[in-house]
Amino acid sequence: MTDFHHALRSLKVWDTELPAFDPAGTPPEPLPLFHDWFTAAVAAGQTEPHTLSLATVDEDGRPDVRTVMLHDADARGWHFASHATSAKGRQLAARPEAALGFYWPVQGRQVRVRGHVTTGTTEEAYEDLHARSTGALASALVGRQSELLDSPETLAEASAQAWLRARAEPDAPAPTWTLYVVEPTEVEFFQGDERRRHLRLRYRRTDDGWTRELLWP
């Protein structure tokens, strides 16, 4: 534990020059600001800026979280995909609400999204999957996400067969593959500050559109 605590306490936070952020100059809706921050994170060299934490709840109301990949962010909402038969797919079917968390430490920025979750059409799910790599298709063809696995050898065999099929049939369907869209009710932008004067700007959807408000850090 000594090594763990030493390593933990030795870490620096945002050991880099952080960008300026003026909440007064932000757009009236959150999507354009998200696009700006995302492209800035890419330009700054952030590793895998398109990965995000997805939080859902199970049938007992217990929270669950995992890392997934962003597939799009447009006027409909924030898109990701998974198998409908997976743990998150079952949780979203029972309670279609989710929270997303992006963290881009290279710029000391976070974005949080909360909202109702809808599913895309079968055609959209098919197009989403087949716009990606052969590996993504092979992984989807393996399926059985979140089921019990008896051994790594069983996974290796199923994966090998899926790769063969993905290469031979690049248009092969994965029936349970589902596109999910988080329709935002709240989007929060967090800009870190080296003196801990962090700026938090929250967009909150109302009957009249979006309202912007600052939060104490």
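The values are calculated or read from the model by the stated rules, or taken from the named source; none is laboratory data. Only a predicted model underlies this, so the values are computations on that prediction, with no experimental measurement involved. When we count neighbours, we look across all protein chains shown, and the Cβ atoms used for this are built from the backbone with ideal geometry, even at glycine. Just the protein is used for accessible areas: all its heavy atoms, side chains included, with ligands, DNA and RNA removed. Shrake-Rupley method; radii C 1.70, N 1.55, O 1.52, S 1.80 Å.
Between His130 and Glu183, the simple spin-label model (points 7 angstrom out along Cα→Cβ) gives 2.8 nm. Classify the range 164-217 from the C-alpha gyration tensor, please: rounded if a/c falls under 1.5, else prolate or oblate depending on whether a/b exceeds b/c. In terms of gyration-tensor shape, oblate. The ellipsoid that matches the Cα gyration tensor of the range 50-113 has semi-axes, each √(5λ) in whole angstrom, of 22, 14, 10, with the longest given first. Toward the positive end of the charge dipole of the chain, with +1 on the Cβ of Lys and Arg and -1 on the Cβ of Asp and Glu, the farthest Cα among Thr154, His71, Pro175 is that of His71. Restriction of the GluC sites (Glu not before Pro) in the range 124-173 to DSSP coil positions whose beta-carbon has at most 11 other beta-carbons within 10 angstrom yields Glu147.
Please sort 165-177, 82-94 by packing, taking for each peptide the average over its residues of neighbouring beta carbons within 10 angstrom, highest first.
Put in order of decreasing packing, that is 82-94, 165-177.
Could you please report the charge total around Val57, scoring K, R as +1 and D, E as -1 over all other residues with beta-carbon less than 14 angstrom from its beta-carbon? With Lys, Arg at +1 and Asp, Glu at -1, the neighbours total +1. Working from label points 7 Å from Cα in the Cα-to-Cβ sense, the Ala172 to Thr67 distance is 2.7 nm.
Roughly what would the spin-label model give for Thr122 and Asp74, points 7 Å off Cα along C-beta, in nm? Using points 7 Å along Cα→Cβ, the separation is 2.1 nm. For the pair Arg9 and Leu149, the difference between a 0.36 nm per residue extended length and the Cα-Cα distance amounts to 46.7 nm.
Over the residues of the chain, the helix contribution to mean residue ellipticity at 222 nm works out to -9000 deg cm²/dmol, using -39500 (n - 2.57) for each DSSP H run of at least 4. When peptides 27-37, 179-189 are sorted by average Cβ neighbour count within 10 Å, with the highest value leading, the order is 179-189, 27-37. For the range 13-61 and the range 140-215, what is the separation of their C-alpha centers, rounded to whole Å? Cα centres, the range 13-61 to the range 140-215: 15 Å.
A cut-off of 5 Å between modelled amide H atoms, ignoring neighbours fewer than 5 places along the same chain, links Ala81 with Met69, Tyr180.
For the range 75-132, the fraction of 1.4 Å probe accessible surface lying on carbon and sulfur atoms is 51 percent. Across the range 109-209, the relative contact order, built from alpha-carbon pairs under 8 Å that are at least six residues apart, equals 43 percent.
Expressed as a fraction of 2.2 N^0.38 Å, the C-alpha radius of gyration for the range 122-217 is 1.71. Rounded, prolate or oblate for the range 1-106? Axes are the square roots of the Cα gyration tensor eigenvalues, ordered a ≥ b ≥ c, and the cut-off for rounded is a/c under 1.5. Verdict is oblate for the range 1-106. Given their separation in residues at 0.36 nm each and the Cα-Cα distance between them, Asp58 and Thr211 gain 52.0 nm when the chain is fully extended.
So, R0 is 45 Å and r is the distance between the beta-carbons of Met1 and Ala24; what FRET efficiency does that work out to, to 0.05? The pair Met1/Ala24 has a calculated efficiency of 0.45.
Taking 4 °C and 1.567 mPa s as conditions, the chain diffuses translationally at an estimated 66 µm²/s according to Stokes-Einstein applied to its Kirkwood radius (Cα pairs).
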